[in-house]
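Right, one structure below, let's go through it.
The values are calculated or read from the model by the stated rules, or taken from the named source; none is laboratory data. Being a predicted model, the structure only gives us computed values, none of them experimental. Using ideal geometry, Cβ is built from the backbone for each residue, glycine included, and neighbour counts are taken over all protein chains shown.
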Amino acid sequence: METQFTNTFFDSLKRLVRQQTWWYKTYSTIRYDIPHFIKNIYRFRKELYSHDWWDYRYTLNMLERSLIIMEAGLSKKGIEVSESREPKIKAIRRVLELLKNSREDNFVERAEAELGELILSDWLFEKTEDGMHRLIDTETKKDKLHNRRIYKRAVAIEQAEWNELWTIIKGTKNSMKYGEEYDGTDLRGWWD
């Protein structure tokens with residue numbers, strides 16, 4: 001068996017060797033890496049501006065921004081076939097919705113939509129014998145029970161969505177099977 005090489009093969013080898021030189025690495029840093037870095041600073045400017053170390057929400061904000069960029073790229077510029085791309089986009093959009101719900105902390109409002117509004121009463125104070133003031137509880141047992149059900153439902157919604165978020169990110173048993181069963185989950189498969 002005879003092996004033959006074309007000129008393009010040797011051109012590719014020359015290019016690979018050249019890319020390992022100090023002057024090409026310097027050129028590549030100035031030409032590609034620094035502009036890419038500046039572009040990312042601009043893309044993540046709001047998240048970077050408000051980022052702090054002491055709360056997990058800041059990390060979720062960074063994840064949300066990254067997934068917004070990824071979803072836009074996959075939707076508009078993706079070259080993957082639609083059979084495997086569409087489930088990914090659907091899963092990413094669901095994760096974005098879950099992250100938005102977490103960021104907005106809208107679980108009580110959603111529980112109120114299901115069970116009725118919270119029954120809130122005005123705060124009444126009475127003066128005590130020592131000149132201080134004491135808050136008077138004016139809620140009835142029925143009001144307290146209703147409000148407790150709403151708060152319990154809000155916690156259940158939040159917990160269910162938190163579990164769903166991480167299930168989508170870690171993937172399901174069908175997450176790496178392409179074709180009819182592929183469900184688009186598993187962050188490790190979200191690339192183009």
Exercise. Determine, yes or no, whether Asn147 is out of contact with any Leu (no Cβ under 6 Å at 6 or more places or on another chain), assigned to a helix (DSSP H, G or I) and either at positive phi or polar (S, T, N, Q) (or both).
Key: no
Quiz prompt | Condition met for Ile136 (within 26 Å of Asn101 (Cβ to Cβ), in contact (Cβ under 8 Å) with a residue 12 or more places away in the chain and either outside the structural domain of Asn101 (by TED's automatic domain parsing) or β-branched (Val, Ile, Thr) (or both)) | solution = no
Quiz item: Any chance region 104-114 includes a residue that's farther than 28 Å from Tyr58 by Cα, acidic (Asp, Glu) and at pLDDT 95 or above?
Solution: yes
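Working only within region 38-60, note down all residues that are out of contact with any Leu (no Cβ under 8 Å at 6 or more places or on another chain) and loosely packed, with under 11 Cβ neighbours inside 10 Å. First the steps, then the outcome.
Kept after step one, since they are out of contact with any Leu (no Cβ under 8 Å at 6 or more places or on another chain), are these residues of region 38-60: 38-40, 42-59.
Correct list: Ile38, Lys39, Tyr42, Lys46, Tyr49, Ser50, Asp52, Trp53, Trp54, Asp55, Tyr56.
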Quiz item: Among (1) within 25 Å of Leu67 (Cβ to Cβ); (2) in a helix (DSSP H, G or I); (3) without any contact (Cβ under 8 Å) to a residue 24 or more places away in the chain, which single condition is Glu181 missing?
Solution: (2)
Exercise. Six or more apart or on different chains, Cβ under 8 Å: which pairs go from a residue in region 11-27 that's surrounded by 10 or more Cβ atoms within 10 Å (Cβ to Cβ) and at pLDDT 85 or above to one that's not in a helix (DSSP H, G or I) and not hydroxyl-bearing (Ser, Thr, Tyr)? Could you list them?
Key: Lys25/Gln19
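Just checking, how many residues over region 82-128 are of a type in the set (Ser, Thr, Tyr) and in a helix (DSSP H, G or I)? It would help to see each step written out before you state the result.
First, the residues of region 82-128 that are of a type in the set (Ser, Thr, Tyr): 82, 84, 102, 121, 128.
From the residues that got through so far, the ones that are in a helix (DSSP H, G or I) too are 82, 84, 102.
Total meeting the criteria: 3.
Looking at the structure I just gave you, is Ser82 within 18 Å of Asp183 (Cα to Cα), modelled with pLDDT under 95, among the small types (Gly, Ala, Ser) and loosely packed, with under 10 Cβ neighbours inside 10 Å? Please lay out each step first, then the result.
Numbers: within 18 Å of Asp183 (Cα to Cα): yes; modelled with pLDDT under 95: yes; among the small types (Gly, Ala, Ser): yes; loosely packed, with under 10 Cβ neighbours inside 10 Å: yes.
It is true that Ser82 is within 18 Å of Asp183 (Cα to Cα), modelled with pLDDT under 95, among the small types (Gly, Ala, Ser) and loosely packed, with under 10 Cβ neighbours inside 10 Å.
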Practice problem: Working carefully through the options Gly78, Gly131, Gly73, Gly116, find the one that is without any contact (Cβ under 8 Å) to a residue 12 or more places away in the chain and small (Gly, Ala, Ser). | Solution: Gly131
Exercise. Could you tell me whether any residue of region 105-120 is in contact with a strand residue (DSSP E or B) (Cβ under 9 Å, 6 or more places away or on another chain) and either within 30 Å of Gly189 (Cβ to Cβ) or exposed (fewer than 11 other Cβ atoms within 10 Å of the Cβ) (or both)?
Key: no
Quiz item: List pairs: first in region 42-55 and touching a residue at least 24 places away in the same chain (Cβ under 8 Å), second acidic (Asp, Glu) and part of a loop (DSSP other than H, G, I, E, B), Cβ under 6 Å, 6+ apart or cross-chain?
Solution: none
